[in-house]
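Read the structure below first, then the notes.
The values are calculated or read from the model by the stated rules, or taken from the named source; none is laboratory data. On a predicted model such as this, the values are computed, not experimentally measured, just so you know. Cβ: placed from backbone, ideal geometry, glycine included. Neighbour counts: every protein chain shown. When the accessible area is computed, the model is the full protein with side chains, heavy atoms only, and any ligands, DNA or RNA have been set aside. Shrake-Rupley method; radii C 1.70, N 1.55, O 1.52, S 1.80 Å.
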Amino acid sequence: MLSKKQYLYTLFIAIAVFILVFLVTYFYTKQNSWHIEQSDEPIAMSGLSVEQWPEEIYILPQTKIVLKNQNTKGKAFSETKVDSKSLLGLTKDEVADRFKGYTIETFNEKEVTLVKDISQEQKLETPDVTYVLGVDDHYVCIKEKGTTKRPVKIDYEVAHFSKYIYSLLLNEEIEITNAQKEALLLNPSTLQKILQGYVGE
């Protein structure tokens, strides 16, 4: 037979255990219910799963960027590569805004292709122009070969190059395409890629 003190002590422990079990069960149930509501709510509101959200595509360092000039039948006249560093981080809309004369044919993280259509009539009316790289006041410039038009200076000093490259520039022996000219005007660092085929002596 329990004494009065033992009885009260046992009753107190039983009540404490009951309250503790009740509180743990209550908070556990409430927390799980909150997580379920949180995870269900975005799907109910949007109607899309996480995998269905469209992802914005940006130009990365390894993205291959090509500018093409072609006729209306799709035959290419010229093609040049642009250094991805000059367009790093740009989206499709930003590239379209920068190259307003071009149509974006391909745009993904691996490859970006921009095309400009030139009609056959335009090509016949405008004779082929040959562009060469030269020197103007210690800077590299672009000249139209066989004309007296003023050269277009680009922000690249000739002091960066070897004597051999400087000699080629001075004698205007490096020819470039119209697409390469446009790429140079957009980003002077494209010059490094153009000169990769020229080896110093």
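Side notes on the structure shown:
- Residue in the stretch 115-132 that is more than 30 Å from I165 (Cα to Cα), at pLDDT 80 or above and open to solvent by 30 Å² or more (accessible area, probe 1.4 Å) present: yes
- Close contacts from the stretch 135-146, counting a first residue that is under 14 Å from I176 (Cα atoms) and a second that is open to solvent by 80 Å² or more (accessible area, probe 1.4 Å) and aliphatic (A, V, I, L, M), with Cβ to Cβ under 8 Å and a gap of 6+ residues or different chains, come to I142/L185.
- Test: residue in the stretch 186-193 that is surrounded by fewer than 15 Cβ atoms within 10 Å (Cβ to Cβ) and over 31 Å from the mean Cα position of the chain (by Cα): no
- If you go through the stretch 35-90 and keep only what is at positive phi and at pLDDT below 75, you end up with G47, G74.
- Scanning the stretch 91-101 for residues that are part of a helix (DSSP H, G or I) and at pLDDT 85 or above yields K92, D93, E94, V95, A96.
- Residues of the stretch 167-179 that are crowded, with 19+ Cβ neighbours inside 10 Å and modelled with pLDDT under 85: A179 alone.
- Test: residue in the stretch 143-152 that is at pLDDT 90 or above and either under 33 Å from the mean Cα position of the chain (by Cα) or surrounded by fewer than 18 Cβ atoms within 10 Å (Cβ to Cβ) (or both): yes
- Odd one out for Y198, checked against (1) under 30 Å from the mean Cα position of the chain (by Cα); (2) closer than 22 Å to F99 by Cβ; (3) at pLDDT below 90: (2)
- Verdict on Y164 being open to solvent by 50 Å² or more (accessible area, probe 1.4 Å) and aromatic (F, W, Y): yes
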